[in-house]
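Enquirer: I'd like to ask some things about the structure below.
The values are calculated or read from the model by the stated rules, or taken from the named source; none is laboratory data. All values reported here derive from a predicted model rather than from experimental measurement. As a convention, Cβ positions derive from the backbone with ideal geometry for all residues, glycine included, and neighbour counts pool all protein chains shown. Please note that ligands, DNA and RNA were not included when accessible areas were found on the heavy atoms of the full protein model with its side chains. Shrake-Rupley method; radii C 1.70, N 1.55, O 1.52, S 1.80 Å.
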Amino acid sequence: HAAEAQRTDLMTITRHVLNEQGRHPESRGDFTILLSHIVLGCKFVASAVNKAGLAKLIGLAGDTNGEEQKKLDVLSNEVFVKALVSSGRTCVLVSEENEEAIIVDAPLRGKYCVCFDPLDGSSNIDCGVSIGTIFGIYMIKDKDNVTLDDVLQPGTDMLAAGYCMYGSSCTLVLSTGNGVNGFTLDPSLGEFILTHPNIKIPNRGKIYSVNEGNAKNWDAPTAKFVEKCKFPQDGSPSKSLRYIGSMVADVHRTLLYGGIFLYPADQKSPNGKLRVLYEVFPMSFLMEQAGGQAFTGKQRALELVPRKIHDRSPIFLGSYDDVEDIKALYASES
Ligand code: AHG
Ligand code: MN
Ligand code: MN
Ligand code: MN
């Protein structure tokens, strides 16, 4: 009977957020409206990804953002920019695909700043491996005086973060600061339904996730950490290596199964590869909300203050105890 009742009591992402926003008497539904536009973008990308091969959406777009831009990168970016601007709830947008921040025209301005990676894992588009969208949300400081400073804030100032993974199913994972919840798209309803309530990451995992191809350029603490994963001194079993090459997919697996994801600095890229505002911060926010942690090699990731909107940072995130191990190695080196 309970299962029957549960089946008809659809907990959609919109209803879930409305319930959570109920805790903020001052909120007049603006966040819920913003989120519904992000969800619209995710639904569009999900359908485009599912028919990318058929709709000739794979392949290069020809222009670059410093890296090769894929058609789907450009298309998803346009969809998210238009959805976010038309929501009337945003003021500043930072996208991986736009060199400059977008300042929304005054008539359509709202109180949120959204930093996003419209399509994460582009190298996996053409072979059909999971890709995703990542976003982080700040509250504007002063709507009548919009500056880049509104988004050059530490991750601790973010009020919400999430990602959507376009894989065997389309899963949206979100935190508004009260824990982490996962929603799965039911294509027959076109709704994201709560399937993973209150996600908590195991305190320790059996998986490490890194691009071993960069090993020759790693610094000593990273090299030592990976060595210990493969040849544990304390007689514990070696860890498994799982690396998909889409941050969203590698982080989603880490969140659900436990373990550690790392994109370290190396001699070629002293700040690593991943971007602070729309990859490192949102994933670090989620990991902390799920009981894990996120470290840059020098400090708690969320305490970083970006100087430029496309700044990069090394990142070690995942199970609390696994990140403690890497912190100890960096502490003993400094
Ligand atoms: P994007 O496709 O948005 O540029 O991001 C790709 C990132 C991230 O998704 C992934 O973790 C990382 O690139 C993989 O980099 P390597 O191929 O160097 O391992
Ligand atoms: Mn890219
Ligand atoms: Mn990315
Ligand atoms: Mn991207």
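Enquirer: Beta carbons within 10 angstrom, averaged per residue: use that to sort the peptides 72-79, 116-123, highest first.
Expert: Values: 72-79: 21.8, 116-123: 25.1.
Sorting 72-79, 116-123 by mean packing, highest first, produces 116-123, 72-79.
Enquirer: What is the gain in length, in nm to one decimal, between residue 325 and residue 269 on full extension, counting 0.36 nm per residue of separation less the C-alpha to C-alpha distance? Spell out each step's value before the answer.
Expert: Numbers: separation 56, 0.36 × 56 = 20.16 nm, distance 2.29 nm.
Difference between extended and current length: 17.9 nm.
Enquirer: Okay, next question. Leaving out ligands and nucleic acids, note down the accessible area per residue over the chain with a 1.4 angstrom probe, in whole Å². Don't skip to the answer; put the middle values down first.
Expert: Values: 14890 Å² over 334 residues.
Averaged over the residues of the chain, the accessible area is 45 Å².
Enquirer: Sticking with this one: From the C-alpha gyration tensor of the chain, pull out the three semi-axes of the equivalent ellipsoid (sqrt of 5λ each), sorted largest to smallest, in whole Å.
Expert: On the way: eigenvalues 186, 109, 89 Å².
Three semi-axes, in Å: 30, 23, 21.
Enquirer: What is the distance, in nm, between label points placed 7 Å from the Cα along the Cα-to-Cβ direction at residue 51 and at residue 223?
Expert: Here the answer is 5.1 nm between the modelled labels.
Enquirer: Hey, another quick one. Sort 234, 150 from largest to smallest accessible area, using a 1.4 Å probe on the heavy atoms of the protein chains. Mind showing how you got there, number by number?
Expert: Values: 234 120, 150 5 Å².
If we order 234, 150 from most to least accessible, we get 234, 150.
Enquirer: Fully extended, how many nm does the chain gain between residue 4 and residue 178 (0.36 nm per residue separation, minus their Cα-Cα distance)?
Expert: Extra length available between residue 4 and residue 178 comes to 59.8 nm.
Enquirer: Need one number: % antiparallel among DSSP beta bridges in the range 173-304, to the nearest 5.
Expert: 70 percent
Enquirer: Can you list residues from other chains, or at least 5 along the same chain, whose modelled amide H is less than 5 Å from the amide H of residue 199?
Expert: So residue 199 has HN proximity to 180, 181, 182.
Enquirer: Something else: Compute the length gained on full extension between residue 103 and residue 129: take 0.36 nm times their separation in residues and subtract their Cα-Cα distance, giving the result in nm to one decimal. Numbers along the way, then the final one.
Expert: Values: separation 26, 0.36 × 26 = 9.36 nm, distance 3.36 nm.
Taking residue 103 through residue 129 to full extension adds about 6.0 nm, to one decimal.
Enquirer: Between residue 142 and residue 333, how many nm apart are label points set 7 Å from Cα along the C-beta direction?
Expert: Placing both labels 7 Å along Cα→Cβ, they lie 4.3 nm apart.
Enquirer: With a 10 Å radius around each residue's Cβ, average the other Cβ atoms per peptide and rank 299-312, 247-260, 185-198, 35-48, highest first. Present the calculation step by step, with values, prior to reporting the outcome.
Expert: Working: 299-312: 16.8, 247-260: 24.1, 185-198: 14.6, 35-48: 21.3.
So the order, starting with the most tightly packed, is 247-260, 35-48, 299-312, 185-198.
Enquirer: So which aspartates and glutamates pass the test for residue 51, namely a Cα distance under 13 Å, with those fewer than 8 places away in the same chain ruled out?
Expert: 126
Enquirer: Carbon-plus-sulfur fraction of the accessible area of the chain, 1.4 Å probe, in percent?
Expert: Answer for the chain: carbon and sulfur cover 52 percent of the accessible area.
Enquirer: Here is a further query. Normalise the Debye intensity by I(0) for the range 108-262, one equal point scatterer per Cα, no solvent, then take log10 at q = 0.13, 0.20 Å⁻¹ and round to two decimals.
Expert: -0.78, -1.29
Enquirer: Residues of the range 92-133 with backbone nitrogen within less than 13 Å of a virtual label 7 Å along the Cα-to-Cβ line of residue 28, please, listed as ranges.
Expert: 110-111
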